[in-house]
Amino acid sequence: MDDSIKKVLWNQFGASIDMLVHAISSSPEGYFQRNLRFYYIAFHSTIFLDYYLTLPPSDFSPLLSYTQKAPQDRPVEAVDDLIPDCIYSKQDLLDYLRQSREKCKQVIYALRPESLTERFTEGNEPGDMDYPVLEILLYNLRHTQHHAAQLILMIRQDFDQHVDWSFREGDIDRA
């Protein structure tokens, strides 16, 4: 893969991660406990950023623990079946995101033509993901930005607080 394409991909993926970091760091102290929906979205997007960067996904080893729960056992605010084992601190999520950000950069800059044919394959069940590496990266970028936007909207609605937009990786302060 051409280095200029890697740079463009990193600039945009890094910007989406920066937006997520900025949204979480912009949340007021105690907001995780007062708005569990915000917390669950922040946790979900943090965990899945790392997961979608893990090849093969069976090697995934999250830095923050969770339990998979059946629909009837999930809190109403939960985003999916991965329920954090506790309410992690804002700093815990930001530290995890910093590590995943570096992992993402390494994955992108390590891309080679032959690695683009590798696949992110979860299993053989209906609905399991089976994407080429480039597609899972783009999916992950979109997923990260989607949830960053949700968090930014919540901050805007709850506190009338503006959260800066990132045009490219590194152009806003990361907490």
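Could you order the peptides 18-24, 62-68 from most to least packed, using the average number of other C-beta atoms within 10 Å per residue? Display every interim value, and only then the final one.
Numbers: 18-24: 24.6, 62-68: 13.0.
Most protected by this proxy first, the peptides run 18-24, 62-68.
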Quiz item: Amide H of F120: which non-local residues (sequence gap of 5 or more, or other chain) have their own amide H closer than 5 Å, using H built in the peptide plane?
Solution: Y131, V133
Quiz item: Among the helices of the chain (complete DSSP H runs), which have Cα atoms covering no less than 20 Å along the helix axis and a Kyte-Doolittle mean of at least -0.5?
Solution: 3-26, 36-51, 133-159
Quiz prompt | the chain: relative contact order as a whole-number percent, Cα under 8 Å and 6+ apart | solution = 41 percent
Quiz item: To the nearest Å, what is the center-to-center distance of the stretch 118-150 and the stretch 4-69, using C-alpha atoms only?
Solution: 13 Å
Quiz prompt | At q = 0.11, 0.19 Å⁻¹, base-10 log of I(q)/I(0) for the chain (Debye sum, equal scatterers on each alpha carbon) | solution = -0.47, -1.31
Practice problem: Identify which of G127, G14, G30 has the largest mean-square fluctuation in a Gaussian network model of the chain, with springs joining Cα atoms closer than 10 Å. | Solution: G127
Quiz item: Along the Cα-to-C-beta direction of E122, a point sits 7 Å from the Cα; which residues of the stretch 29-66 have their amide N less than 11 Å from that point?
Solution: 52
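Taking the Cα centre of the stretch 3-159 as the origin, how large is its charge dipole in debye, to the nearest 20, when only Lys and Arg (+1) and Asp and Glu (-1) carry charge on their Cβ atoms? Walk me through the numbers on the way to the answer.
On the way: 15 positive and 21 negative charges, 123 e Å.
For this selection, approximately 600 debye.
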Quiz item: What's the lysine pair count for the stretch 3-159 at a Cα cut-off below 18 Å, pairs eight or more apart or interchain?
Solution: 4
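Values quoted throughout were computed directly from the atomic coordinates according to the rules given, and no laboratory measurement underlies them. As the structure is a prediction and not an experimental result, all values here were calculated from the model. Because the Cβ atoms are built from the backbone with ideal geometry, glycine has one as well, and the counts that use them run over all protein chains shown.
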